[in-house]
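> Encoded as structure tokens, here's the structure I'll be asking about.
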Amino acid sequence: LPFSLLVALFLPMPLQGYRDDSKTQTIMITDVCSSTPVGIALEDWLVNPEEADELVTAEAFTHLGGALIQSGIVETASCPDGGLLSNGKASPCGMAAAGVEVVAWQNIFDEAIYQTAGDTHVPARLLKGVFAQESQFWPGSKFYFEYGLGHLTSSGAHTALSWSPELYAEVCRQTLGTDCHSSGSYFDYLMEEYYDRDTLLAETIDRINSDCPQCVGGVDRMKANASVRVFGWSLLAHCRQASQGIYNATGYIPLAVTDYPTLWRLSLYTYNAGAGCLCETLLAAWSPGDILSWEQFADGAEGTCKHGVGYVDQVLDYAARTGDG
């Protein structure tokens, strides 16, 4: 890929309406990701519930069951296998013992998800689907470089701070005090001195890292609950980054070349596979004059970029079942 195109995916900038900029006004990416279209029917996973109780699920999460057993929250002394399979997931006997706790854990963050959706304009069911796919609602770190309920990496936190000035402003104000850029643009975080960016990045990761050896089960539940807000801003950031990627690859604002559900699918894809794969696949899948569908995009994914397609489908599968618990 041309280096300039890859760089553009990571450097925030205004979106132009069409190729002929003289005939249209500049709009900001937030207009695309933070506003729900009116007058069209939306799939259930894009419609926010009227109350948090509508997010309840009752999935038989074996990874979560195994984590609850290994942390000592669930006792399985009566199971011949200790309640665990060799891969660390709960065995059938373990799931029988952990079932009630598994259902409780996957719903203890519902109120935070509901509130975050209202604040960040991220679809609540989509956010819960990300947590289901990434961690099955166990907030401990994975491999010590993927953190919290949404398994955000250092690179993902950098994206969140770059593309969500709301998150940057909150973290910076509470960390650096008055020494923060305050234009409200996407450039604020990137304009910080290197050592200050490093400080803000570390602080953001700390806010989502719920590992707590001295806590019950080894995780800090209150911190995990508070981290939902950071993940909401992060998912919105990836929608904004995907929107810019669409413009860079096609020359058009997102909803001129695709529909609203596909935009959010591409946002999930970017959250998992990264902006490089988004750009590469857009260039392969889109032709001038096309209205890009998710299926068309998915068919254009190749090599390691293919795994992001399966990720999106799995998240939406969970999201579609939210409320069935």
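The values are calculated or read from the model by the stated rules, or taken from the named source; none is laboratory data. Here the structure is a predicted model, which is why all the values come from computation and not from measurement. In this analysis, Cβ positions are derived from the backbone assuming ideal geometry, glycine residues included, and neighbour counts consider all displayed protein chains. Surface areas here come from the heavy atoms of the whole protein model, side chains and all, with no ligands, DNA or RNA. Shrake-Rupley method; radii C 1.70, N 1.55, O 1.52, S 1.80 Å.
> Run Tyr114 past the list (1) buried (at least 23 other Cβ atoms within 10 Å of the Cβ); (2) under 25 Å from Val230 (Cβ atoms); (3) touching a Leu at 6+ places or on another chain (Cβ under 9 Å) and report the number of the one that doesn't hold.
The number of the failed condition is (1).
> Any chance the range 213-224 includes a residue that's under 16 Å from Thr159 (Cα atoms) and either touching a helix residue (DSSP H, G or I) at 6+ places or on another chain (Cβ under 8 Å) or surrounded by fewer than 16 Cβ atoms within 10 Å (Cβ to Cβ) (or both)?
No; the residues of the range 213-224 include none that is under 16 Å from Thr159 (Cα atoms) and either touching a helix residue (DSSP H, G or I) at 6+ places or on another chain (Cβ under 8 Å) or surrounded by fewer than 16 Cβ atoms within 10 Å (Cβ to Cβ) (or both).
> So if I check each of Arg265, Arg321, which one is open to solvent by 10 Å² or more (accessible area, probe 1.4 Å), basic (Lys, Arg) and within 20 Å of Ser34 (Cα to Cα)?
The conditions single out Arg265.
> Looking at (1) in contact with a Cys (Cβ under 9 Å, 6 or more places away or on another chain); (2) more than 24 Å from Thr322 (Cα to Cα); (3) surrounded by fewer than 17 Cβ atoms within 10 Å (Cβ to Cβ); (4) among the hydroxyl-bearing types (Ser, Thr, Tyr), can you tell me which one Ser71 breaks?
Every condition holds for Ser71 apart from (1).
> Within the range 190-208, is there a residue that is open to solvent by less than 60 Å² (accessible area, probe 1.4 Å), modelled with pLDDT under 95 and touching a Pro at 6+ places or on another chain (Cβ under 6 Å)?
no
> For residues that are among the small types (Gly, Ala, Ser) and either buried (at least 21 other Cβ atoms within 10 Å of the Cβ) or under 30 Å from Asp53 (Cβ atoms) (or both), tally how many sit in the range 142-187.
Counting residues in the range 142-187 that are among the small types (Gly, Ala, Ser) and either buried (at least 21 other Cβ atoms within 10 Å of the Cβ) or under 30 Å from Asp53 (Cβ atoms) (or both) gives 7.
> Mind checking which helices (runs of 4 or more DSSP H) fall wholly inside the range 221-291 and carry at least 3 residues that are of a type in the set (S, T, N, Q) and within 15 Å of the chain's Cα centre (by Cα)?
It comes to 221-250, 260-273.
> Look through Ser287, Ser267 and report the one residue that is modelled with pLDDT of 95 or more and not charged (D, E, K, R).
Ser267
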